[in-house]
Each structure stands twice: as structure tokens, then as C-alpha cells.
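Working notes for the structure below.
The values are calculated or read from the model by the stated rules, or taken from the named source; none is laboratory data. None of the values given here were measured: they were computed from a predicted structure. Heads up, the Cβs are rebuilt from the backbone with ideal geometry, glycines too, and the neighbour counts pull from every protein chain shown. These area figures cover heavy atoms from the full protein model, side chains too; ligands, DNA and RNA do not enter into them. Shrake-Rupley method; radii C 1.70, N 1.55, O 1.52, S 1.80 Å.
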Amino acid sequence: MGAVNPPPSLRARAEAVMPGGVNSPVRAFRGVGGEPIHARRAEGAILETADGRRLVDFCMSFGPLILGHAHPDVTRAIAEAAARGTSYAVTTEAEIEMAETIRGAIPSVEKVRLVSSGTEACMTAVRLARGATGRNRILKFSGCYHGHADGLLVRAGSGVAGLAAATSAGIPASYVEHTLVARYNHLDDVERIVAEFGSDLAAIILEPVAANVGLLQPYKGFLREVRDLAARCGALLIFDEVITGFRLTFGSYQSVCRCGLRPDLVCLGKIIGGGLPVGALGGRADIMDRLAPLGPVYQAGTLSGNPVSVAAGLAALRRLKSDMPYDSLAQRTGAYVAGLAEAARKAGVTVQIPTIGSIFSLFFMDRVPASFEDIQQTNAERYKALFHSLLADGVYLPPSPFEVGFLSTAHDEALLEGTLPAWERAFAAAARVG
Ligand SMILES: *Cc1c(COP(=O)(O)O)cnc(C)c1O
């Protein structure tokens, strides 16, 4: 009798039927190498893999899960909404409440359109800016990711940062010829581009805190200058707050910086869907009213404002509004990364751990990066060693040196404290890599 073949692994089955075995590239672990994990279930801060490992999750679905996995408010809202019907394609009171909630929380937002992903929100924002201004060009920043719409996939961060060519194949040059790119935190780039192309600039789009190449924070005054430059040349300013919206405060970055900064349009996603597919676009009423059916800028979606997504998002936002966990999340994150910095110091490895609110990232380099170009200096091999050591010890970081980590309200102090020995071993493993 021959040996019985073992059943094919999930990875083998996945790779046989899905490109790279995944439905979104970072999940394939190309950024860190090794065996990608497969999920079975998750609760709170714990992700359980298909082979039964329980991991303390710092990836947290790349951002939506500020309340942790399977928060009971959210899962109950989903079940109740689903039982009332999963899609009507007519307007519901819950959608109105969602739009009212967003408008109430974000000073620059007067009207809102719900869509189904962050990609769709950014794509629509850019189309709307072009339609409203009658101009063609847009300015984005290298390392800022605005979803995978054709014209925005130019030097776009995490998922593409590791690839040889930063721009995707399959995008005709003519689609991106109107996309101009400046370096983050480099006002001189913005000034030069505005001077040359300002009269045809429809929009300047950026993440006010860039969180798709690891974490990049704006220099003091940078956003204000960008706001002024956009206004002066008649371009709209679009803040992509798909990650930062409701992550740093109950609202958006314009409330965090307390500087009265008003973008013309804001893109949202992730947290406002409570872990279900969602996106939103909000802004000045005179601009938003250029959207169909009132205006000439077309945008539509069979599942836009989906009642189950909206119920999940509203449940999450209600919980956030009543608990206001932002200060305690920021404090817990700050204390935790101080512990990580100490573990790195003990291992004799130089690391930068920029942090804002409950977002952190890890760069193996000797100064805090200010731009995507700076981040290229990070030692990705060290990150890989760190990642795999942590994973073996039951701690799941984002599987790429160019993604940020997240804490949720479910990451309590005891749980965090319990991971510190794993970090000490992981930094020691990283230190062994040249
Ligand atoms: C995640 C993200 C997007 C894209 O959202 P999807 O829902 O993945 O399409 C856009 N912009 C930013 C800043 C993001 O973090």
C-alpha cells in the first residue's frame, strides 16, 4: 500500500483557484515571506487561525475594527438588520441617520453620499472635483493610498510599495497623465506643481496623516499651507480619512489638529462600516449637489447605503460616541509602544515607532521618516524577522513593513503586557539580521 496523500492545504487550494491565493494582495504575505495565515474566527483582540492558533491581532483588518472583532453591539445590529432584509435599493432612515451622524461629527461636511468601499469614495471624490471645477489634473502625494482606481494608483504605498513598479500594469498612460505627484511634507513640491499646473488643477488629495506606508505625520503647518495653496489656485482639497476618520476622535483629523482646517471633501470608510463593506464621501453642499441626480457628475451603486453595512456602522459609531474611548486608546497605545521601544533598546536595535491615537508603525531606521522616499531606508529584512518571531509567539502584526498596526478597545492592558516577552525575543531576532 502506498502512503496516503495528506489533504491539500488551504494555501494550496486557495492558490489553485484564486490569484496568489488571496482576494487582496497583502494577505499573501509577499511583504514578509513565509506561510500566509488563514482565519477561522475572531473575537475581541484575538484572531484564530484555521489551524487553531490564537493570535493577538494588531492588524485588525487594516483599520475598521476599533471596537475589536465581533463586538456584540455590531454583530447584534447585523443580525437584526439582515433579518429585516439585506438590500432594498430604496432609501432608509438608517442611511439618513448615518449621514446625519457623519455631518454632526465632521465640521466641513454638509452632505454625504454612501458608497461601498474606500476606493469608490476616493474615485468619486476625484470625479466630483473634476466635474465641479471643469479641470483635469489632480495632485497626490507619494505613499498616500487612495484605493485602487486607475488615476490614483500612482506611487500609492503599502500594497504596491513592495512591488518593483509602483504603478500597476493595466493602466494606460493616458489615464494617469493628469495625476501629479508631490512628496509628502515637501511644500516646495506642491508650490512648484501649483505654479505650473494650478489653473488646470481640480483637486489636491491626501491622507492628512498618511497610514498606508507605515505612519507619516504632517509637519506643523504643512496641511494649512496645502489648504491655502489649493484655495489660491481654485483646486478642491480632498482629505482621504478612510483610516483616520473616527479612529483618532469621534470625527476626523480636522478636529484632531484643532486648527480650523476645512477640506472641501472628505473620504471615509473602514470604521464607519463596523467591519462591513462601506465608504462615504462628504463635503460642502454646493459641491456635493453636483452629484447625480441633482448635478451632472454620475455616481451610483446597487448596494450603496446597504442596510446591513449601515446598521453595523451605526452600531459601532453609537458605541464610540457613548464610550468616547479615544483618550484611553491613545494613552494605552502610547504606553505600549514605550514598552516596545524599551524592548528594542534592550536588544540593541534601532527602531522608530511613530504613533498617533491607536495607530502605530515600526521602522528599522535611525530617524523618523517624513516622506515615502525616507521610508525606503527602512530595513525590511529586520521587519520580516520581527514579524515571524512574533507570529511564532502568537502575535500578529501587519504582514508588510509598509502597513500600520492598530489597537482596539479590546486590547486591554493585561493582554498587551503579556505580549512584551514576545517582542523582546522578536527584536533580538531582528537584531541578528544585518
Ligand atoms: C483602505 C484605504 C482606502 C481604500 O479603501 P477600500 O475600502 O480598501 O477600498 C482608501 N484610502 C485610504 C487612506 C485607506 O486607508
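Is the shape of region 181-275 rounded, prolate or oblate, going by the alpha carbon gyration tensor and its root eigenvalues a ≥ b ≥ c, with a/c under 1.5 for rounded and a/b larger than b/c for prolate? It comes out prolate by the Cα gyration axes.
Quick check on packing: order 124-133, 3-12 by the mean number of other C-beta atoms within 10 Å, highest mean leading. Display every interim value, and only then the final one.
Values: 124-133: 23.3, 3-12: 9.6.
The packing order, highest mean first, is 124-133, 3-12.
Sequentially through region 335-344, phi angles give Karplus couplings (6.51, -1.76, 1.60; θ = phi - 60°) of 5, 5, 5, 4, x, 5, 4, 5, 5, 5 Hz, Gly and Pro residues having no value and appearing as x. The overall shape of region 72-323, judged from the alpha-carbon gyration tensor, is prolate: a/c is not under 1.5, and a/b is greater than b/c.
In the chain, the calculated helix contribution to ellipticity at 222 nm averages -11500 deg cm²/dmol per residue, counting -39,500 (n - 2.57) for every DSSP H run with n ≥ 4.
Put simply, the amide H of ASP240, placed in the peptide plane, has neighbours under 5 Å in LEU206, GLU207, CYS267, leaving out anything fewer than 5 places away on its chain. A Förster radius of 25 Å, combined with the Cβ-Cβ distance separating ALA338 from LYS220, puts the computed FRET efficiency at roughly 0.65.
Largest mean-square fluctuation among PHE387, PHE29, PHE406, in a Gaussian network model of the chain whose springs join Cα atoms under 10 Å apart, belongs to PHE29. Between ASP412 and ASP393, the simple spin-label model (points 7 angstrom out along Cα→Cβ) gives 2.2 nm.
Here the Karplus relation 6.51 cos²θ - 1.76 cosθ + 1.60, evaluated at θ = phi - 60°, turns the backbone of region 59-70 into coupling constants of 8, 6, 6, 6, x, x, 9, 5, 9, x, 5, 6 Hz, with x for every Gly and Pro. For ARG40 and ALA79, a Förster radius of 22 Å and the Cβ-Cβ distance give a FRET efficiency of 0.65, rounded to the nearest 0.05. Couplings for region 310-325, taken from phi via the Karplus curve 6.51 cos²θ - 1.76 cosθ + 1.60 with θ = phi - 60°, read 5, 5, 4, x, 5, 4, 5, 5, 4, 4, 5, 5, 7, 8, 6, x Hz in order; Gly and Pro are left as x. For region 72-323, what relative contact order do you get, as a whole percent, if you take Cα pairs closer than 8 Å and at least 6 residues apart? That works out to 31 percent. Report the far tail of the P(r) of the chain, meaning the percent of Cα-Cα pairs longer than 37 Å. Pairs farther apart than 37 Å: 23 percent. The angle separating the long axis of helix 380-392 from the principal Cα axis of greatest extent in the chain is about 60 degrees.
What is the magnitude of the charge dipole of region 72-323 about its Cα centre, with +1 placed on the Cβ of each Lys and Arg, -1 on the Cβ of each Asp and Glu, and no other charges, expressed in debye to the nearest 20?
Taking the Cα centre of region 72-323 as origin, the dipole is about 240 debye.
Residues THR333, THR101, ordered by accessible area of protein heavy atoms at a 1.4 angstrom probe radius and largest first, appear as THR101, THR333. I need the calculated FRET efficiency for the pair ASP188 and VAL90, taking r as the beta carbon distance and R₀ as 51 Å, to the nearest 0.05. After rounding, the FRET efficiency stands at 0.50.
Accessible area per residue of region 72-323 at 1.4 Å probe, in Å²?
Details: 10050 Å² over 252 residues.
That works out to 40 Å² per residue.
If you sort HIS411, HIS186 by accessible surface, 1.4 Å probe, largest first, the order is HIS186, HIS411. Sorting ASP289, ASP189 by accessible area puts them as ASP289, ASP189; the probe is 1.4 Å, largest comes first, and only protein heavy atoms count.
Amide H contacts of ALA39 (H built 1.01 Å from N, in plane; Pro and chain starts excluded): ALA50 sit under 5 Å, all sequence-distant by 5 or more or on other chains.
Express as a percent, rounded to the nearest 5, the fraction of DSSP beta bridges in region 72-323 (both residues included) that run antiparallel. It would help to have the intermediate numbers written out before the result.
Values: 11 of 26 bridges.
Among the beta bridges of region 72-323, antiparallel pairing accounts for roughly 40 percent.
Computing Rg and the Kirkwood Rh from the Cα coordinates of region 35-85 gives a ratio, Rg/Rh, of 1.05. Given their separation in residues at 0.36 nm each and the Cα-Cα distance between them, GLU196 and GLU381 gain 62.6 nm when the chain is fully extended.
Would you mind telling me the share, in percent, of accessible area of the chain contributed by carbon and sulfur at probe 1.4 angstrom?
Values: 9540 of 18520 Å².
Its accessible area is 52 percent carbon and sulfur atoms.
Maximal additional length on extending the ARG54-LYS346 stretch stands at 102.4 nm, based on 0.36 nm per residue less the C-alpha distance.
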